[in-house]
Amino acid sequence: MNYIVLDLEWNQSSSPEQENKEIPFEIIEIGAVKLDSNKQMIGEFNELIRPSIYNEMHKITRNLIHLQMSELKRGKPFIDVASRFLKWCETDIIFCTWGPLDLTELQRNMAYYRMKSLSDGPLPFLDVQKLFSISCEDGKSRRSLEYAVDFLHIEKDIPFHRAFSDAYYTAKVLALLNPETEKQISFDLFHKPSSRKEEIHVVFDDYAKYISREFPDKQTALKDREVTSTKCYYCHRNLKRKIRWFTPNGKHFYSLSYCEKHGYLKGKIRVRKSGEEGVYIVKTLKFIPDEDVSKIKERQDKARILRKQRRHHGKSS
């Protein structure tokens, strides 16, 4: 298997009124590095794309990547460049990016031009930004690429903030990380699971993750048994909840269950928008130490107080 370390630059409308809702970010450059299974560089890809939607450079984009529209107009159309890129990638690959956005925008641009999709459902990839945090820091922080390069004492031999250079540095970072972190796979959700069979169930070293199919609304999703179940991801038993699902804000829901063999299990549900009206669910289950149980109870108490305050405010108004 080869690693395709990808970075994109994109442009956008300078005014909300002129934004194309189908493609708010138009890709203007694709840069990539191909690594073999030993993380040795075996190929490079770097091409500019001629804009067809936004013909003025957004000032933030221009200041960040130092590209002029006159340079971009010498590029090739998106379909030509993307087709060459995908052919260059070949098969038996996994995409790697710094952060979670690039594959979503690549697929959005491909969909706009009616190109064949990279995947019919969620696309697994390596988020090197997340892997750096897991390997070198607390697993929660999200650092800039330049920070990671400095942290790992990687030589800065080309400038940052262009597609190829950022792909190049991302590949350098990936090669120095603990390979065990690659088990922490991420999923690009431009294409959501379309059925129960396609839903994602994955168990990592210290937590489990579930990504649902699309539901018409939040209320329907939260009535689904799979969404609200709290199974032990080690012994696969359905656990009795000590604290039922509650929410402090209407978007995130929490619960606490107990496994006699493995201890207290914290559940977290995130409700994510899918298109104009639908939603999908990302649920994580994680065993926590006994001393953290009180934090869940405190959060539940705060949520209960907030509900009372809202009801009182509603009656008084």
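The values are calculated or read from the model by the stated rules, or taken from the named source; none is laboratory data. This structure is a prediction, so every number in the text was calculated from the model and none was measured. Please note: Cβ atoms are built from the backbone with ideal geometry, for glycine as well, and neighbour counts cover all protein chains shown. These area figures cover heavy atoms from the full protein model, side chains too; ligands, DNA and RNA do not enter into them. Shrake-Rupley method; radii C 1.70, N 1.55, O 1.52, S 1.80 Å.
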Using only alpha carbon pairs under 8 Å that are at least six residues apart, calculate the relative contact order of the range 208-317 and give it in whole percent.
-> 27
Expected field for MET1, accessible surface area in Å² at 1.4 Å probe radius, rounded to 10, holds 100
Mean separation of Cα contacts under 8 Å, 6 or more apart, over the residue count of the chain: relative contact order % = 13
For the range 160-208, what class follows from the C-alpha gyration tensor (a ≥ b ≥ c being the square roots of its eigenvalues): rounded when a/c is under 1.5, otherwise prolate if a/b is larger than b/c, else oblate?
-> oblate
Quick one: pull the percentage of alpha-carbon pairs in the range 191-310 with a separation above 20 Å.
-> 44
Values of log10 I(q)/I(0), in the order q = 0.25, 0.26, 0.27 Å⁻¹, for the range 180-229 under a Debye, Cα-only, solvent-free model = -1.05, -1.09, -1.13
Sites GLU260 and MET1, calculated FRET efficiency, Cβ-Cβ separation with R0 45 Å, nearest 0.05 = 0.65
Kirkwood Rh, angstrom, the chain [1 / mean 1/r, Cα pairs] = 22.0
Share of pairwise Cα separations in the range 6-73, more than 16 Å, in percent | 52
Return one number: the angle in degrees, 0 to 90 and rounded to the nearest 10, between the long axis of the Cα atoms of helix 293-316 and the longest principal axis of the Cα atoms of the chain.
-> 90
Take the alpha carbon atoms of the range 199-261, find their center, do the same for the range 1-77, and report the distance between the two centers in whole angstrom.
-> 38
Using DSSP to define loop residues, name the GluC sites (Glu not before Pro) in the range 102-174 whose beta-carbon has at most 16 other beta-carbon atoms within 10 Å.
-> GLU137, GLU155
May I ask you to rank CYS89, CYS235 by accessible area, largest first, using a 1.4 Å probe over the protein chains only?
-> CYS235, CYS89
Full-extension gain in nm, ASP80 to VAL202, via 0.36 nm per residue minus C-alpha separation | 40.3 nm
Determine, for each peptide in 163-176, 185-198, the mean count of other beta carbons within 10 angstrom over its residues, then list the peptides with the highest first.
-> 163-176, 185-198
Over the range 101-236, calculate the relative contact order: mean separation of alpha carbon pairs under 8 Å at least 6 apart, over the residue count, as a percent.
-> 25
Using a 1.4 Å probe on heavy atoms of the protein chains only, the accessible area for ILE269 in Å², nearest 10, reads 0
Per residue, the convex hull enclosing the alpha carbons of the range 101-190 has a volume in Å³ of 105
How much length is gained if the chain between LYS251 and GLU22 is pulled fully straight, taking 0.36 nm per residue apart and subtracting their Cα-Cα distance, in nm to one decimal?
-> 79.9 nm
Multiply the residue gap between SER117 and LYS295 by 0.36 nm, knock off their C-alpha separation, and tell me the result in nm, one decimal place.
-> 59.8 nm
Calculated [θ] (222 nm, deg cm²/dmol) that DSSP helices of n ≥ 4 give over the chain, each run adding -39,500 (n - 2.57) = -9000 deg cm²/dmol
In debye, nearest 20, what is the charge dipole magnitude of the chain about its Cα centre with +1 on Lys and Arg Cβ and -1 on Asp and Glu Cβ, if you could check?
-> 2320
